[in-house]
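To start, the structure itself, in structure tokens.
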Amino acid sequence: CHLDHFEEVSKEADGLVLVNIDHGSITYSKSTDDNVDIPDVPLLAAQTFIQRVQSLQLHHELHAAHFLSSTDLNEAQAHRRAWQQKLNCQIQQTTLQLLVSIFRDVKNHLNYEHRVFNSEEFLKTRAAGDHQFYKQVLDTYMFHSFLKARLNRRMDAFAQMDLDTQSEEDRINGTLVSPRRPTVEKIASRKSSHLQVT
């Protein structure tokens, strides 16, 4: 959120992790437990996010220095608003890219038929140093809402970014192979057809 609203947002709900991009700080909103252990974001995703944020033009004055100065106040204000809107969109996109890089593989551990997520198998595919982060996130209400949206195959901003950023090979495989795991009946019919062939 914008720095002007930081305090207000931190009072909205307990347990929010707030990232101040301007100051490079992370805070935890009020909670009953003052000794909250916030695990690090998975390293590769964090490094990529930091690189993307560092490439953003966060200060309007630096951005405006590239242009001839205008004496028209309305033009200057319109220019600043356009810059701010563009920056806000870039921050949203960069943050969404971070979330996609952290949670992209969740879809590979969903069972659409039984509407479950195999968290144990998912954790096995994560780097050992990232387990604490994922274990803490997997227990949250927000993650369960996220899973529900994935199981419902909702085409939200996350799904669209995932689709836009996956490799061409993954995109082709995704259209050819359904992410749905085979039903028990299909598995049984395959086994019986293999038994009849031999």
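We did not get these values from a lab; they are worked out from the coordinates using the rules stated. Everything numeric in this text was worked out from a predicted model, so none of it was measured. Here the Cβ is made from the backbone with ideal geometry for all residues, glycine too, and neighbour counts use every protein chain on show.
Overview of results
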| quantity | calculated |
| --- | --- |
| Per-residue Cβ neighbour rank within 10 angstrom, fewest leading, M142, M161 | M142, M161 |
| Two-site FRET efficiency, L16 against L56, from Cβ-Cβ distance with R₀ of 35 Å, rounded to 0.05 | 0.95 |
| Over 30 Å between alpha carbons, listed pairs K86/K135; K11/K148; K86/K124 | K86/K135; K86/K124 |
| Long-range amide H partners of Y112 with built H, under 5 Å | R181 |
| Taking D72, D162 and counting other C-beta atoms within 10 Å, the order from fewest to most | D72, D162 |
| Per-residue Cβ neighbour rank within 10 angstrom, fewest leading, V53, V106 | V53, V106 |
